[in-house]
Every structure is written in C-alpha cells, then in structure tokens.
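For reference, the structure is listed below as structure tokens.
The values are calculated or read from the model by the stated rules, or taken from the named source; none is laboratory data. Keep in mind it's a predicted model, so treat the numbers as computed, not measured. Note: ideal-geometry Cβ built from the backbone for every residue, glycine included; neighbour counts use all protein chains shown.
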Amino acid sequence: MLRAVREWTGRSRPLLVTLSGPQGMGKTELARLIARVLRDEYPDGILSVDLDDFRMGGAADPGDVLAQLLESFDVEPAFVSAQFKARCSQYWSKTADVRLILIVDNARYASEIVPLLPASGKSLVIVTSHSPLRDLEDGAALGVPVPPLEEWAATELLELVVRDPRLAADPESVRALVRLCEGMPAALHVAGGWMREHRLRPLSRLVPQLRNAWEEKGVPGVERFWDTVYEGLSPTAARLYRLLPHHPAATFTLDSATTLLGRGPEECEGALEELDRTGLLDLSELLSSADGRMRLPGPLRAHALRRSRQDAREGEVEESLGRLLRWLVRQFQRADRFAAGPRLLVGDAFTALAEAPDVALEDPKATADPLEAAARADRASAWLYGHRHVLFASLRLAHERGMDAEVVALSEPVWTYALDHPHQSDVIGALRLAVTSAVRDGGRPAWLVRTRCQLARQLWEAGAVDEAQDQLDHAEAALGGLGDSERDRKLAASLVEFRGMLDGARGEWGSAAAGFARSHRMHLAIPNPYGAMLQTYRLGEARAKLGELEAAHELLAEAHELAVAQGRERMSRRTGFALAGVLARMGRTDRARPLYEESLRAARRRRSGFDQARVHDALAGLAQTEGRGAEAAEHRAAAHDIRRHNGLDA
C-alpha cells in the first residue's frame, strides 16, 4: 500500500485510498498509521474528520464538514462562505497548492466524500467505511478491503498489546486465543486486557475454560469474548460501560462520564481505569487529547449498547441521562455566559450537581484585568466550539425525551455559537427543535417569542425570508401571554427589533427605521439602557442606508458615546466603525480617520482578520478620496492578503 502511495503519478487529482471492512478491524488506526509513516512526505500537515460527528438523522452535511476543514486552515468563521458552492470554491482555493493528508472516518456515501477532496493532486485522502463505496470506484486510485488479521499477524498484535511471558511459554494456547478473537484487532486488544486481569492463571487452563463457557452459552461471534470480559468487571465499571453508549454524541470527557455514572470523580476514575486495563476502553486517547475527549470504539460501543439493553436495571439509563443532560445544560449555559457576557435569557437556570463538578471555566467578570477577562472569554468560546457536537446531540436527545426546559435552555448557547460560526445547517435544525419544544410545552409565552425570534434570524440569513416572517408573526401572536415584568417587556421590544432587522434584510429601510425607533421607545420605558443604546445604533444605520446622513451621524455619535460609557467593548467597536463610515460619506475625513484607525487597532488586538480587512477597505477609500494613492494601495493590498489567506479571491 505504501509503495502504491509513493508511486502515485496522477497529479491532476489527489490520491484516494479507501479502507473498507466491518467495525473492529482497525481501519481508523490503520489510516492513522499510514499518515504517521508518510508525515514527512506531506509537509502541510494531517487533517482528520469523523463524519459520524456530523450526522443528523443518518446524513452528514458536507457543508458543515467543509466549514470545520476551512477553520483547520485558519480561515476565520466570519470568512466561511454562506453558500455551499462558494464554500467548495473556498476550500479548493485553500488546498490548491498543498501537500497534506486528509483522513475521513466513517463514510457511508460517495456524496459525502467528493466535496471534501483537496484541489491539489499532491495530497492524499484516506477514507474509512464499513463497506466498499461502489460509486467512488472510478475516482479511487486504491481500494483496500481490511479483512480479519491472519493468525501470525494477530499473534504479533497480541504480543504488542500485552507483552506477557505466558505467550512465549504456551504457543498452542495463544493460537487458540487468537482464533477465538477471529482476527479482529478490537477483540485482540480486549484479549490483552483480559490476560492482564488474570496474570497468575496459566493460559493452558484459562483459554479452554473460556471456550467451554462460550459453547455452553451459545453466544455467536467475537462478542463472546467481550461478554466474558464484561462479566468479570466490578459492578461500578460494568454500570459505566453500559451507560457510555447512551452519551450524546460519540465523544465524552472525564467530567461527563463522572456525571453519567453519578458516583463522584474517584469512583468514575477507578471505573475508567478498570475498563482500560481490561481493553474495553483506551485511555491513551484521553491522555493525548488537548480537550480531554475520548470515545468507545465503534464495535465496543455496539456491544456496550447490547449489554445495556440486556442488563440495565429499570430506570437506570433514564435516570443517568436525565442527570447528564441537566449537567450539560449548566456547562453550556456557563460557557455561553462567559463567552458572550450578560444578555436577555429565557431558559431556566440549571444549578450545580453535588456529584458532578463543573468544567474548569472561569468567569471573566471575576477579574479586574481586562486582558485576563478577554482570555477567559476566549477559552469559554473555544470550549463551546470544541464541544459543539455534544451541544447539538444533547439538544436533540432532550427533545426526544420531552425535556422541553432543557431544549430551550440549550438553544441559547446554540444562538451564541451561531453568531460566531454562521451558516451552519445544524443550527437551523436545532432551533427548529427548540420552537417545537416551546410549542409542545405551551405554558411559557416567553419561550415561544424567544425561540421563534432566534430561528427567524437564522432563516433570513439563509435566504428563507418568507419563513422567517412566518416565525415572527407566530412570535407576535404569543405576546399576549407575556406579563409586565422587565424581562417580558425586553422580549416584546426585542421582537420589534427583529422585525426591523428582517425589513432591513429585505432592503426596506424605511420600515426598519420605524421598527427600531419603536423598539427604542420601549427600551427607554422599561428602562433598559443597553437596549436603548442598541436601538439607537440600529436606527442610525438605517438612516445611513436611507441616505439621511445628518440624522445618521447624530444617532451613531450618541450610540458610540453610550456604548463607551456603558463599558460595552464590542458595541463600542461596532458603533465607532459605523460612525466613521457616515463621517466619510459626509466628507469629514479628518474625523473619520481616527475612528477607523482605532477600529483597526482593536481588530488587531483581537486578531480578527475579518474586521481588519473591512477597516483596510474603508481606509483605502478614505485615502483615495484625500488623494493619497500610495496609501490607498497599501490598504487594498493588506485587505486582499487577508482575504486570500482565508481562501477568498478578492
């Protein structure tokens, strides 16, 4: 196989290697081994995606996978193209001249693979699947079935796994044990763990006893071995093993496993170590992972699920999953609050669980150091992004279980994630479920208003303007159920703002301005200083769109002053940039320039290429107006370089 890879000459497209075979044959590990061996020949790195992480209802959206791959190339989320075809072009631009290895795990259809192929013929793509991808054969240079290991290879693997002197002392028993594992690497790893658990027993007695027990039980296939190992586990380790396959998404952490087990960190650590010793789990993945995530290998996950259905006591899974979902809601709420800061929320607040510690995230508000506060917010945002698959899977699972309060609470971190990572199809799917949960509950008008507004914005940004209008109409119908509390009055004002934003998306800026003015009056009456400042900004932008520059200047100057006074750093940047744009249009370049320059400094501090590019564009226009052609060219070149780095041609 390595020789075929190295001799590949079809440079018009990347070499595609498909590894196919049943679960437990070691396809993923083989793909990683190939990548490690060839690492030096592909200097632009190794990328890896597991399509099972992206599946909703069995299908993986290639557009969402492309977004993750683009971010692996340091493309900022704000630069990721909204449309699928444009996203493909952006990916091809980033991969046009690279030598990289891309590993794609758990493919089911060729349609999932083709958009992910790099543009460069110098790259290598390794795909794993449970069965041959027939419709890929014309484009696949090398299709490799991964059969069970031959006896000699299985014996070598067992020796590497366990390094036990009994193997050399009793080759006949070793052959019998290898045959029992049916050449499946996953089973051989468990066999090594089983031997470690019975170090004092000779194999000549142990293996026949094992075979006889299997024959008496009549359990078919290699799962007989796993059954034997499972039945030797302590009650705590066995309980954790049969709970893990129910965890939302394919990955879990030490903290989430502790919550699922419900017996505290020490007992969970002991149970995980026991599963590792017996070969039912590989803790090396946890120890080498930057974010502490690990998973049950596919065949063991299926086996653990079968044992759960067979052995779990009544209510065991339901109780554990309920506890885990409540804990996850709390962690996502904390990450949301730390990343985005305080804002209007309608979801119930979930309290800490005594038996499950919170994730080690720190509140930016708890430090007076602005740099440390920003770092804490960044860490919370990174945690939210790193666990996004668990976030979406948790929301779907909570919806399936009728846990509507948890669904609505989880939709709010989804909203924060979507603002930082726009144009993801799973966001709309999750927010639809939140609306359904709010409707199903029926008793919380605030839920109905908020979830429909959240969904509406994602819909109009995806081009579904009419459906967005329908959601806002339904949200308005729920307003009558709101009370006169400060939160409910903010919700009502927020709905008016969303209607204005939708009008703006349609280009109807007169109607948008009227909506923002009305929302502004409602916020003043509450009173809500932040909401009033935000609507002043939106109204100023609407006036600018209408060409009413004097009114826009007055409003945006007021909004900028209020944002600075309230210590709203993000809104200070937005209002300052918008104010500079109006000043430039009015010919007041001497006043616009310092605002643009401060915006550029702020964008550099935050390492936001998207904001840097647009400020460079604005400064280029300003310099051109003032007759400084060389300076304008420098700014245009800087903006061009940033966009090109992010896979955009212009």
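Structure notes:
- Restricting attention to the stretch 462-513, the residues being acidic (D, E) and in a loop (DSSP other than H, G, I, E, B) number 2.
- Condition check for Q333: closer than 22 Å to E223 by Cβ and either surrounded by fewer than 19 Cβ atoms within 10 Å (Cβ to Cβ) or of a type in the set (S, T, N, Q) (or both): no
- Of all residues making up the stretch 223-249, the number that are free of Cβ contacts under 8 Å to residues at least 60 places away in the same chain and assigned to a helix (DSSP H, G or I): 9
- For the residues T18, T28, the requirement of being surrounded by 21 or more Cβ atoms within 10 Å (Cβ to Cβ) and among the polar types (S, T, N, Q) singles out T18.
- Residues that are at pLDDT 85 or above and assigned to a helix (DSSP H, G or I) were ranked within the stretch 127-158; the one that is surrounded by the fewest Cβ atoms within 10 Å (Cβ to Cβ) is W152.
- Here R343, R334 are screened, and the one residue that is in the same structural domain as A382 (by TED's automatic domain parsing) and either at pLDDT 95 or above or of a type in the set (V, I, T) (or both) is R334.
Rundown of residues vs (1) outside the structural domain of R343 (by TED's automatic domain parsing); (2) under 15 Å from K545 (Cα atoms); (3) modelled with pLDDT of 95 or more, yes/no style:
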| site | (1), (2), (3) |
| --- | --- |
| D466 | no, no, yes |
| E497 | yes, no, yes |
| A505 | yes, yes, yes |
| G510 | yes, yes, yes |
| A513 | yes, yes, yes |
| H523 | yes, no, yes |
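- Subset of the stretch 520-576 (residues that are closer than 26 Å to A374 by Cα and of a type in the set (K, R)): R538, R568, R570, R573, R574
- Residue match in the stretch 525-537 (condition: farther than 21 Å from G576 by Cα, in contact with a helix residue (DSSP H, G or I) (Cβ under 9 Å, 6 or more places away or on another chain) and either β-branched (V, I, T) or in contact (Cβ under 8 Å) with a residue 60 or more places away in the chain (or both)): yes
- Only residues that are under 30 Å from L261 (Cα atoms) and either part of a loop (DSSP other than H, G, I, E, B) or not small (G, A, S) (or both) were counted across the stretch 354-368, and they come to 9.
- The requirement of being more than 18 Å from the chain's Cα centre (by Cα), under 15 Å from A250 (Cα atoms) and modelled with pLDDT under 90 is not satisfied by L287.
- Selection status of R521, of a type in the set (D, E, K, R) and touching a helix residue (DSSP H, G or I) at 6+ places or on another chain (Cβ under 8 Å): no
- R457 being part of a helix (DSSP H, G or I), closer than 19 Å to K490 by Cα, charged (D, E, K, R) and within 22 Å of the chain's Cα centre (by Cα): yes
- Within the stretch 37-57, the residues that satisfy the criterion of being touching a strand residue (DSSP E or B) at 6+ places or on another chain (Cβ under 8 Å) and over 18 Å from R301 (Cβ atoms) are L38, R39, Y42, G45, I46, L47, S48, V49.
- Taking the stretch 250-276 as the range and being part of a helix (DSSP H, G or I) and more than 11 Å from A237 (Cα to Cα) as the test, the residues that pass are L254, D255, S256, A257, T258, T259, L260, P265, E266.
- Any chance R343 is surrounded by fewer than 16 Cβ atoms within 10 Å (Cβ to Cβ), among the charged types (D, E, K, R) and closer than 30 Å to A373 by Cβ: yes
- Condition check for R87: buried (at least 21 other Cβ atoms within 10 Å of the Cβ), touching a Ser or Thr at 6+ places or on another chain (Cβ under 7 Å) and over 14 Å from V127 (Cα atoms): yes
- None of A176, A191, A186, A168 is assigned to a helix (DSSP H, G or I) and loosely packed, with under 14 Cβ neighbours inside 10 Å except A168.
- Scanning the stretch 561-586 for residues being in contact (Cβ under 8 Å) with a residue 24 or more places away in the chain and over 33 Å from the mean Cα position of the chain (by Cα) gives a total of 9.
- Residue ranges of helices (runs of 4 or more DSSP H) in the stretch 553-650 with at least 1 members of a type in the set (S, T, Y) and surrounded by 16 or more Cβ atoms within 10 Å (Cβ to Cβ): 569-585, 589-605
- The lone exception for P422 - which of (1) assigned to a helix (DSSP H, G or I); (2) within 18 Å of the chain's Cα centre (by Cα) it fails: (1)
- Test: Q424 is surrounded by 22 or more Cβ atoms within 10 Å (Cβ to Cβ), out of contact with any Leu (no Cβ under 7 Å at 6 or more places or on another chain) and either without any contact (Cβ under 8 Å) to a residue 40 or more places away in the chain or farther than 15 Å from Q333 by Cα (or both): yes
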